[in-house]
């Protein structure tokens, strides 16, 4: 790993003793682009391991960090206590190589991206939830589940006051958001701490909105990406763009560094993203089969089988469209079902079915999150995967 | 332009006096890949102008050919007489530079790709067509159209015996198909003439099927592409992949040269496709605003406006999903409407509405075909566009 430069990360451009990078000396006004591009240049971060709630923890994040990329800790499915524990565990993992890390000049910042969802929880929808459970009743019956035992609850929590406190306490180098941004006051507090703020855009409009809100970098989430679509200014899936179209349009539309995400699973795809103007790439699917991921055996099996050739956007597992490998539940109910409760309320109804099916070795009701190209998935240490991908940037 | 090698195109590998290319000398059996990759290598064809029925004729094809790419003549909306006339006109355009062309060693082949649709016409569906016209009745009324005057008919014709005769007569270097392939006997005849056969694949399965049928190259049509989806083994739109995922998967799955299509509109995107293993790229949208295209003024205007940021797949204009800029008709009826007649029978019902609206300067009922990235569209000679794109291959 080859981090360069020291400096106070609050204002990275003017805090080191080296002359400014050539692009800073151009006649163009020093805009956010020049300011923030330096985060990727300064830390030589070109590969970000995508946050994948439910399939990984601090171990994967640390492995990718030590391999020269930036790891991510997904917070969406963790309580505050669990997140605290994850961040502490990451800190410990880093501490074991403290001298090395110190040399990388991350100062007081934890070299990790903590990812939060920031949806507005929907109003209670008891009738809709009851109707959905009614629809699933034959499945509950078939799997010996008492419908009355099926729980309720959101399944995923948005960024909160408690989350903010943990950010202030642990100072991750980066906080990234999915589904827009939390309230402006919290965004400002995070910025004041000198923590980078990133968020996902799926359209030109979303990227422009995020730029106006003052984010430091934008993740261009192409339609190929696995997991939840980050879309937040529209619910119209026809607006969603393939990476090859989204990435260059965002590079043109905003003056912030763009992180390419969606369909990037090989060194060649990393090179392609670089050619299209990305400042870094974010890779998820290729890490799902890494040794350090917590991906279930059934999920790993699906990723490495030909069934991974067919993924679809589905709202069945959470209420929002997310990309996963097509399985029985998606086939039988249609991947996008208008009757499913709103995000994240759809989560609870399918949970016991998943448990029952998985106990029988079936992934019929498991969310098999995957991007559109799982063909590069290999069962390898995350470091090997990261090193291979980074060859594409050279 | 820098074509190299002479030779009989029927068997290009063994027909020139130069030693075989290094990949031919490898220990791997000489497969179709080695055989056909040489078409792109031999002729140094890296850019194919996508066939765009309704928006171009031989003039664009000739301009792109003279600029170092390969032009295409779309046959889907032409009668046999019109196609004959187009091919003659292309021949004449080439003849004016006969010495130059002769030097390029295309032998008796016309250096052009003639593109055909090869759908199976649907059975008559009078009731469905009548119901659809009933649904459009208020629109006919609003535009002063007598519903009884609305014609019927397919709008687009598949490859036929007459098409085959013209191929035999004019010997285009390439015949490409959309929606699979025509009957095996015709495919064999075209191959026997030494004409290259290409077809579009939108999934791994389609590519493998085409390879089994003996095509010479496969067009990887990413979801970003404008116009009709070439899908033919499935009608499930969730199977459709973004270019960044489709292209590398097809490169891995078959041993034929892959032409990247969908979202390629800049030199950077050409470089990206090359990095992902494409043997050539096919570009449509970027040529729609070229001087030589016959694109309507309204269509050009839409392509160069911000409305081009939102395209969608729609079956309203023909009956099959095709990507175009979202307009009033698509918004009001939903871009994908299950009641629309089957391809290509939906064409006739909207035709008079288009004529009436266009007369008022409105594109409300026009098919505004476009890929997902029209942001590179410029009003330029096709040669300038081709030269710029080819910089990305270098």
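The values are calculated or read from the model by the stated rules, or taken from the named source; none is laboratory data. As the structure is a computational prediction, the values presented were derived from the model and not from experiment. All Cβ positions, glycine included, derive from the backbone under ideal geometry; neighbour counts span all protein chains shown.
Note on the stretch A:252-299: residues that are more than 19 Å from residue B:275 (Cα to Cα) and more than 7 Å from every other protein chain (Cβ to nearest Cβ) amount to 21.
Conditions tested, residue by residue: (1) assigned by TED's automatic domain parsing to the domain that holds residue A:75; (2) free of Cβ contacts under 8 Å to residues at least 60 places away in the same chain.
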position: A:140; (1), (2): no, no
position: A:150; (1), (2): no, no
position: A:161; (1), (2): yes, yes
position: A:173; (1), (2): yes, no
position: A:178; (1), (2): yes, no
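Checking the structure you have, find out if any residue of the stretch A:208-220 is in the same structural domain as residue A:74 (by TED's automatic domain parsing), more than 30 Å from residue A:376 (Cβ to Cβ) and out of contact with any helix residue (DSSP H, G or I) (no Cβ under 8 Å at 6 or more places or on another chain). Checking the stretch A:208-220: at least one residue is in the same structural domain as residue A:74 (by TED's automatic domain parsing), more than 30 Å from residue A:376 (Cβ to Cβ) and out of contact with any helix residue (DSSP H, G or I) (no Cβ under 8 Å at 6 or more places or on another chain). Here residue A:272 meets the list (1) assigned by TED's automatic domain parsing to the domain that holds residue A:69; (2) outside any helix (DSSP H, G or I); (3) more than 23 Å from residue A:379 (Cβ to Cβ) almost entirely, failing just condition (2).
Considering A:109, A:117, the condition of being under 20 Å from residue A:367 (Cα atoms) and touching a strand residue (DSSP E or B) at 6+ places or on another chain (Cβ under 7 Å) is satisfied by A:117 alone.
When the stretch B:162-181 is filtered for residues that are under 16 Å from the mean Cα position of the chain (by Cα) and not in a strand (DSSP E or B), the ones remaining, listed by number, are B:179, B:180, B:181.
Considering the stretch B:131-161 alone, what residues qualify as being assigned to a helix (DSSP H, G or I) and closer than 26 Å to residue B:233 by Cα?
If the condition is that a residue be assigned to a helix (DSSP H, G or I) and closer than 26 Å to residue B:233 by Cα, then B:161 is the only one that fits.
Would you say residue A:263 is part of a loop (DSSP other than H, G, I, E, B), surrounded by fewer than 24 Cβ atoms within 10 Å (Cβ to Cβ) and either in the same structural domain as residue A:381 (by TED's automatic domain parsing) or modelled with pLDDT under 95 (or both)? Here the answer is no, as residue A:263 does not meet what is asked. The stretch A:326-394 holds helices (runs of 4 or more DSSP H) entirely within its bounds, and those carrying 1 or more residues that are within 14 Å of chain B (Cβ to nearest Cβ) map to A:328-333, A:382-391.
Hey, any hits in the stretch A:128-145 for a residue that's more than 30 Å from residue A:358 (Cα to Cα), at pLDDT 95 or above and surrounded by fewer than 13 Cβ atoms within 10 Å (Cβ to Cβ)?
no
Looking across the stretch B:57-80, just one residue is more than 25 Å from residue B:270 (Cβ to Cβ) and either part of a helix (DSSP H, G or I) or outside the structural domain of residue B:114 (by TED's automatic domain parsing) (or both), and that is B:80. Counting the residues of the stretch A:151-162 that are more than 12 Å from residue A:187 (Cα to Cα) and touching a helix residue (DSSP H, G or I) at 6+ places or on another chain (Cβ under 8 Å) gives 7. Is there a residue in the stretch A:206-218 that is within 11 Å of chain B (Cβ to nearest Cβ), modelled with pLDDT of 95 or more and outside any helix (DSSP H, G or I)? Among the residues of the stretch A:206-218, not one is within 11 Å of chain B (Cβ to nearest Cβ), modelled with pLDDT of 95 or more and outside any helix (DSSP H, G or I), which makes the answer no.
So which of B:244, B:223, B:233 ends up being part of a loop (DSSP other than H, G, I, E, B), within 13 Å of chain A (Cβ to nearest Cβ) and touching a helix residue (DSSP H, G or I) at 6+ places or on another chain (Cβ under 6 Å)?
After ruling out the rest, the residue left standing is B:233.
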